[in-house]
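The values are calculated or read from the model by the stated rules, or taken from the named source; none is laboratory data. Computed from a predicted structure; not experimentally measured. Every residue, glycine as well, gets a Cβ built from its backbone with ideal geometry; the counts of neighbours run over all protein chains shown. Just so you know, the surface numbers come from the protein's heavy atoms only, side chains and all, with ligands and any DNA or RNA stripped out. Shrake-Rupley method; radii C 1.70, N 1.55, O 1.52, S 1.80 Å.
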Amino acid sequence: MTFGEQPAYLRVAGDLRKKIVDGRLPPHTRLPSQARIREEYGVSDTVALEARKVLMAEGLVEGRSGSGTYVRERPVPRRVARSGFRPERGATPFRQEQADGDVRGTWESSSEQTDAGGAVAERLEVEPGSRVMRTRYVFREAGEAMMLSTSWEPLALTGRTPVMLPEEGPLGGMGVVERMRAIDVIVDNVTEEVGARPGLAEELALLGGVPGHVVLVIQRTYYASGRPVETADVVIPADRYRVAYHLPVR
């Protein structure tokens, strides 16, 4: 292989990818067998297998037990809107995060007290092992899981207050800004860092993905006078959603 030349398995994967994208291999079509790929491209079984693995990792094809490998349906990405503007009082944070104002989402949540691990402690600027309230969410649109979130709040701040449990009490489900205001903590800043990684097995099981699918991860932290009061990881399937930001101009 000369300098700059692609490995054979990537060249094969690239050609098959092009056929999938331009419709010559439409959704639900069986991918050529390993033997067929070997013969058509003049490559070894190892190269043919690696090319198929690339397409599976990209989410373009899926294996069906006892049947073969098939081209996956390619969903039209929908938007998840993020905004610096606050909704009217009484609107849920989940509604704010959706681009279509007519969509009414639902969610499930569970909260438990736990110790802050190193990464969470660093984000909340507390000592590792400090007690936090961890809340896990599964957000759904039309019954389909579309977003996961895990949030952490320092119990040194919210413990023994009416807002200790994010989804219970008089302000349950109202969001961080409103809940913190109820205990005289004024949130004045929020940061979000967006990254991507392969989805974890338990995440993909909930989101309906297959091993190798990529997810977007938004690390969000709310601050009050420079002090972190809540941090969260928001996980979104990258093949089905795009994150759209609406930022106010000052």
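Considering the dipole of the chain built from charges on the beta carbon (Lys and Arg +1, Asp and Glu -1) around the Cα centre, which of GLY117, PRO154, LEU204 is farthest to its positive end?
LEU204
First compute the accessible area of the chain with a 1.4 Å probe, then give the percent of it belonging to carbon and sulfur atoms. Before the final figure, lay out each step's value.
Values: 7200 of 13900 Å².
That share works out to 52 percent.
Once label points are set 7 Å from the Cα along Cα→Cβ at both SER225 and ALA119, what is their separation, rounded to one decimal in nm?
According to this spin-label approximation, the distance is 3.1 nm.
For the residue pair GLU40 and THR161, what label-to-label distance in nm results when each label sits 7 Å from Cα along the Cα-to-beta-carbon direction?
Label-label distance for GLU40 and THR161, simple model: 6.1 nm.
Once you keep just the Cα pairs under 8 angstrom separated by 6 or more residues, what percentage relative contact order results for the chain? Before the final figure, lay out the partial values.
Working: 439 pairs, mean separation 43.4, N = 250.
The normalised contact order for the chain reaches 17 percent.
How do VAL76, VAL217, VAL229, VAL194 rank by accessible surface area computed with a 1.4 Å probe, from largest to smallest? Intermediate values should be presented prior to the final figure.
Numbers: VAL76 120, VAL217 20, VAL229 0, VAL194 80 Å².
Result of the area sort, largest leading: VAL76, VAL194, VAL217, VAL229.
Report which label in [x] 21.4; [y] 18.5; [z] 20.8 holds the value of Kirkwood radius over Cα pairs in Å derived from the coordinates of this structure.
[z]
Compute the length gained on full extension between THR150 and ARG30: take 0.36 nm times their separation in residues and subtract their Cα-Cα distance, giving the result in nm to one decimal. Mind dumping the intermediate values first?
Details: separation 120, 0.36 × 120 = 43.20 nm, distance 3.78 nm.
Here the segment from THR150 to ARG30 would lengthen by 39.4 nm.
DSSP loop (so not H, G, I, E, B), at most 10 other Cβ within 10 Å: list which trypsin sites (Lys or Arg not before Pro) in region 131-167 pass both filters.
Working: sites: ARG131, ARG134, ARG136, ARG140, ARG160; in loops: ARG160.
The qualifying sites are ARG160.
So what's the gap between the Cα centers of region 195-219 and region 47-81, to the nearest angstrom?
Centre-to-centre distance over Cα atoms comes out at 14 Å.
Can you figure out the FRET efficiency of ASP188 with ALA142, using R₀ = 35 Å and their beta-carbon distance, to the nearest 0.05? Please list the in-between numbers first.
On the way: r = 35 Å, r/R0 = 1.01.
Taking R0 as 35 Å, the efficiency between ASP188 and ALA142 is 0.50.
Can you give me the accessible area per residue for the chain, using a 1.4 Å probe, in Å²?
Working: 13900 Å² over 250 residues.
In whole numbers, the chain has 56 Å² accessible per residue.
Hey, got the dipole for the chain? About the Cα centre, +1 on K and R Cβ, -1 on D and E Cβ, debye to the nearest 20?
Numbers: 34 positive and 35 negative charges, 149 e Å.
In total the dipole reaches around 720 debye.
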